[in-house]
Structure formats: C-alpha cells, structure tokens
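J.: Mind having a look at this structure? Questions to follow.
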Amino acid sequence: MCFSASYTDSSDDETSPRDKTQINSKGSSDFCVKNIKQNEFGRREIEIAEQDMSALISLRKRAQSEKPLAGAKIVGCTHITAQTAVLIETLVALGAQCRWTACNIYSTQNEVAAALSETGVAVFAWKGESEDDFWWCIDRCVNTEGWQPNMILDDGGDLTHWVYKKYPNVFKKIRGIVEESVTGVHRLYQLSKAGKLCVPAMNVNDSVTKQKFDNLYCCRESILDGLKRTTDVMFGGKQVVICGYGEVGKGCCAALKALGAIVYVTEIDPICALQACMDGFRVVKLNEVIRQVDIIITCTGNKNVVTRDQLDRMKNGSIVCNMGHSNTEIDVASLRTPELTWERVRSQVDHVIWPDGKRVILLAEGRLLNLSCSTVPTFVLSITATTQALALIELYNAPEGRYKQDVYLLPKKMDEYVASLHLTTFDAHLTELTDDQAKYLGLNKNGPFKPNYYRY
C-alpha cells in the first residue's frame, strides 16, 4: 500500500501546526512552526552557523549603521536552515522587515524556524508539510493585513509564481526579485520573454560565486553525505549514472569517481557532454545502461528525466535520488499505483516494491537529496547568502531607471566583493596590480578584473 510517513522527530506530537495556537515571548502569534518551545535549541544552531559565515557577519557589521534595507519588506521562500537564518537576521539587522516560508517541504529545521519566530520574523514552515500546507504557508506570508511586500527572495520560483498569479496588484509594486535556482531563473526568463515580468529581477544562480561554490563545491561534498546517511552504501565499484553535467553534475561526478565508482553521464548539451568525456566519463543514454546501474542521480532541473518505464527496468536494490532543485526529475507520481507497495524503512528512505519482489530505493521522494537527507557545508552557504544579501541591497537602492523590467546578472564587481570577503578565512593574500600593469591590461586596479563574458 502507499503511505506518507511523518518526517517529524519522535518527540514531536503529530498535530498539524495549522491546528495549534502558539505565542512567542513577545506575545505575537504571527507565525506557524512545529513548536515555538524549540527556539533555544534553534538559537544555538544559528550561533554555530555564524562561526563559519564570517563574511555575512562582516557585511552585517559594515552596513548595520547605514541600514541600506530600511523600509524593505522582504518576503522569502528558501530552505529554512541555520545558515539561511543567519541571512534572514542579517537582512533584519540592515533594516528590513521579513516574512519567510520554505521552498522544500522536507528541509526545514523546526528548531531554527522556532528561533526565528521567537525574534519576531514571521515564519510559516515546518518539516514534513503536505502539498496543501506548502501553498498555505506561502499565502500566509504574502497575504497579511497591514503589510505588503516590496521585495522577493525566492529559491525555485514558487513564491514569485504565487504572487504573480494570485496577487497581481502586489506583484506590480515589487521593487525587485532575487532568485537563486536554475528552475526559478528559467521561470523568470519565461515571464520576461512573454512580456509579463513587470519588475526587475536578479539572477543570482548564474553569478560565479553561486555557480562554482554552491553548485560545484557544495554538491561535491554533500552528495556523499546524503547517500551515506540514508543507505550506508559502499561506492567503490558501483555503477552510477549522473543525469546532467552542469556544475551540480560535475561536483557529484568528481566525488563518486574519487571513491572508485564507475560513473556514466547523460547530457543533452554537446558542450557539457564533451566536458564529461574530457574528464574521463562515458556519456550514454539512460536507456543504454538502465538495467545494469546501481545508482541514478538526477541533476538537470528538468522533468521526467527518469520515467516509470525506466524505473520498471532497474535492477533489484538500485537507488534513485535527485540533486536538482525541482522534484519533477524522477516521475514519482507514476509509482503511486496499486500494484506497487511503498515501505518506509527509515526517515526519507522508501523501498518501492514491484509485484515480483524487486525493490528500488527512492530517497526523499525525489526531492533534493542533500538538503532533505543531510546537511550542506556552512561555508558554501555563506557565499550564496552574502550574494543574495548584496543583490537585495543593490535592487532596493538602485536609482530609478538603472534596472528595467528584465532579468539581470549580478554585477561582476559584486561577485568579486563576495569572493574577497571569504578569502580571509584561508589567510589568502591577493597580489595587487601595479599602475603600469593595470594600464597594460586596461583594468581598474580595484576591479572588476574580468569581462562579463569570461568563463571561470
């Protein structure tokens, strides 16, 4: 039979947060989290994260007196973890009012959501939301009496889409959107192309700092963590297919290859495919290896990358999981049929059992593996969070006319500034150009050092 297991800790009661009335120490009930009493534990988690997010704390200290976000009313939809809490509290310290919800129904740290709610941030999120809860939480963030957002920080585009569709008058008054995922950016470009994007948007996903660090270096570490925690699998000698060889796919491939796995790559883009070949991976069609592989990892941001027909042909004991943002890459809906049995074996791990006894191990119900099943390196998230904060400051303070109703990349100078803030962690010392060298290269001594078309 099919069933949906609880993703809450055993210490939590099973009452939906929507059915409970909770009040923080300030007397406010403008939030909806699992248990407000977990706030002290969440505060410790945030303090630990702050230690490895020195660049964001540095930005907070430098700009706190100026309050560059004074008057900003930011509605956000991201993963709610200790690291994003450091970002949210930085935005508040810089003058913003924030209301927040989760972009993933499994990645919320309940204790962190409680800690934020205790400080006065209106958080509507808990781990293990239903699909209905997810949209209810988004609506509660946007639709509240006496408060109207003027900035959006999104991860995946669901919040932007909801405001655009449900509250068009609110959408028109938004001063800027900052989006950090492939999926969300794609949706913004679609709106722009159709002439329906009536506000400027910043594509943080394609900033160098986000692409290289959050996508490549982060996934290179967190893919192994997620797989080990959920399955205890041995990687040496395993045959693995990575679907997509963008920055996320590159990170996953590098990690698995280093542990002795036999790695195949699927790609639609000949340039990425050629890169995979030159890095020593066989580029195949999924159907060519579907019967022999042990693990499939999707990293494309697309839909139906792994279909029911392909899942039917996978061998017993094989593992399927997703590292792309979207939960549509694996056709999980097609597995919810009467002839297949779902067996929950541990949190975030389902055995899907075929009539002949074959089992396929599905992780996080096809949602993002690393944030659903493990953790992500705090330092990497510091880089992304600093980029997001600077993008919000830039859009909010930009003089009228600088940004039109379109999608923009983060200015190169900002990318370099984010990187420079993080160099102190490594005691790294940059070489400075002489006046003569700067003149020879035609550069400003303080940057930017590369043209916008440069590929790092």
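The values are calculated or read from the model by the stated rules, or taken from the named source; none is laboratory data. Because the structure is predicted, anything quoted here is derived from the model rather than measured. Cβ sites come from the backbone with ideal geometry, for glycine too, and all protein chains shown count toward neighbours. Areas reflect the complete protein model, heavy atoms only, side chains present, ligands, DNA and RNA absent. Shrake-Rupley method; radii C 1.70, N 1.55, O 1.52, S 1.80 Å.
J.: When Lys and Arg each count +1 and Asp and Glu each count -1, what net charge do the other residues less than 10 Å away from Lys37, Cβ to Cβ, add up to?
T.: -2
J.: Please report the net charge: other residues with Cβ closer than 10 Å to the Cβ of Ser372, K and R +1, D and E -1.
T.: +1
J.: Within the chain, which whole H helices from DSSP have a Cα span along their axis of at least 30 Å and a mean Kyte-Doolittle hydropathy of -0.5 or more, if any?
T.: Correct list, ordered by number: empty.
J.: Something else: Tell me what the chain gives for mean residue ellipticity at 222 nm when only DSSP H runs of n ≥ 4 count, each as -39,500 (n - 2.57), the sum divided by the residue total, rounded to 500 deg cm²/dmol.
T.: -11000 deg cm²/dmol
J.: Next up: Where does each of Phe213, Phe171 land when they are ordered by accessible area, with a 1.4 Å probe and the largest first?
T.: Order by accessible area, largest first: Phe213, Phe171.
J.: A further question follows. How would you order 73-83, 440-450, 403-413, 46-56 from highest to lowest mean count of nearby Cβ atoms within 10 Å? Walk me through the numbers on the way to the answer.
T.: Working: 73-83: 25.1, 440-450: 12.3, 403-413: 15.7, 46-56: 19.1.
Result, highest mean Cβ count within 10 Å first: 73-83, 46-56, 403-413, 440-450.
J.: To the nearest 10 Å², what's Ser372's accessible area with a 1.4 Å probe?
T.: Using a 1.4 Å probe on the heavy atoms, I get roughly 10 Å².
J.: Something else about it: With every protein chain in place, what's the accessible area of Trp136 (1.4 Å probe, Å², nearest 10)?
T.: Per-residue accessible area (Trp136): approximately 60 Å².
J.: What does the charge add up to near Gln83, with Lys and Arg as +1, Asp and Glu as -1, over the other residues with Cβ less than 10 Å from its Cβ? It would help to have the intermediate numbers written out before the result.
T.: On the way: positive: none; negative: Glu45, Glu50, Asp52.
Charge balance in the 10 Å sphere: -3.
J.: Taking the full set of protein chains and a 1.4 angstrom probe, give the accessible area of Val182 in square angstrom, rounded to the nearest 10.
T.: Approximately 80 Å² of Val182 is accessible to the 1.4 Å probe.
J.: If Phe379, Phe235 are ordered by their accessible area, calculated over protein heavy atoms with a 1.4 Å probe, which sequence runs from highest to lowest?
T.: Phe379, Phe235
J.: Pull up all non-local amide H partners of Gln239: gap of 5 or more, or a different chain, and H-to-H distance under 5 Å with H placed in the peptide plane.
T.: Ile262, Asp294, Ile295
J.: 5 Å is the cut-off here: which amide hydrogens, built 1.01 Å from N in the peptide plane, fall below it relative to Met202, excluding neighbours closer than 5 in sequence?
T.: Amide H neighbours of Met202, under 5 Å, 5+ apart: Ile177, Val178, Glu179, Tyr408.
J.: Determine the order of Val33, Val170 by accessible area, beginning with the largest, at a probe radius of 1.4 Å.
T.: Numbers: Val33 0, Val170 20 Å².
Ranked list, largest accessible area first: Val170, Val33.
J.: Sticking with this structure for a sec: Calculate one ³J(HN,Hα) per residue across the stretch 284-292 by plugging θ = phi - 60° into the Karplus curve 6.51 cos²θ - 1.76 cosθ + 1.60, and present them in order as whole Hz with x for glycine and proline.
T.: So the J values, rounded to whole Hz, are 9, 8, 4, 4, 6, 10, 4, 7, 10.
J.: May I pose another question? Averaged per residue, what accessible area in Å² does the chain show with a 1.4 Å probe, protein chains only?
T.: Per residue, the chain has 45 Å² of solvent-accessible surface.
J.: Ignoring ligands, DNA and RNA, what percent of the 1.4 Å accessible area of the chain is carbon and sulfur?
T.: Its accessible area is 51 percent carbon and sulfur atoms.
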